[in-house]
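Report on the following structure.
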Amino acid sequence: MPASHRYVDFGGAMREEIGGYRSAHFAQSLRFFIPQIGPAMPAATGASHTEPPPLPASKSAGFDTQLRLEGVRVVLKRMDAPASVQVAYRSRTYSYVFEAVAGLLAFAGAIRLLGRGRGEKWAYFIFVGLGTLVVSGAVSPRASDPWQMAALGVFGGVGIWLVAWFVGGVRAMAERRRASAARDAEQAVAQAKEFATRRAQAEAQATSQAAVAKPEAPPAKPEEPPTQTGA
């Protein structure tokens, strides 16, 4: 089929074989930690399909020209009586644009909630992020790309939330350290001023006590004139 289109579904008597769900492997790995009271569930057997016998080679003579093979190869299995096959497809460019718009809208919604509370963020992550994953598992695997891109946009927004939370925590820690350093500096200045004030008061008190305790000097006696004796 032409490679310029994205094929999303096949109908009619032919069906495309779908592989196992990845969620089943994840649930099977976690089933060991879940206590089970009743009997164990029987193991599921793999799907089997018998290929029809090959057609005999053509006996007619003619040109044997090799045609160029190109496009998308899709293997379909017959599930019913021979009938026409319906193919649902869309343009590959339209598919890429639609998926990009879905992812960007989900990412923009997450960025808009960057300054909101935890409740709103949790609700957006659960209903939009995990909800799109659930829908992508419910629809056809070929039509799940837009839902997966929307979930990817939500997860990208959650990554931005975590980075913003980490940066905010680092800034808050730096602000607390800066405020603590400022308080310590103010306390040191206040203690230095208090120490200087107490020292000045102690020096003034010591000076006043020394001035009170010093004895007063006695008044000086007047000098007597020298006496003269006759020869």
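What follows draws every value from the coordinates through simple rules; no lab data is involved. Just so you know, these numbers come straight off a predicted model, no measurement behind them.
As a length-normalised measure over Cα pairs under 8 Å and 6 or more apart, the relative contact order of the range 94-208 settles at 30 percent.
Non-local amide H neighbours of V87 (under 5 Å, H modeled in plane, Pro and chain starts lacking H): which ones? Residues meeting the criterion, in which the H sits 1.01 Å from N, are G11. Computed from backbone phi, the HN-Hα couplings of the range 99-115 come to 5, 5, 5, 4, x, 5, 5, 5, 5, 5, x, 5, 5, 5, 8, 4, x Hz, rounded to whole numbers (Karplus: 6.51 cos²θ - 1.76 cosθ + 1.60, θ = phi - 60°; Gly and Pro given as x).
Enclosing the Cα atoms of the range 94-208 in their convex hull gives a volume equal to 100 cubic angstrom per residue.
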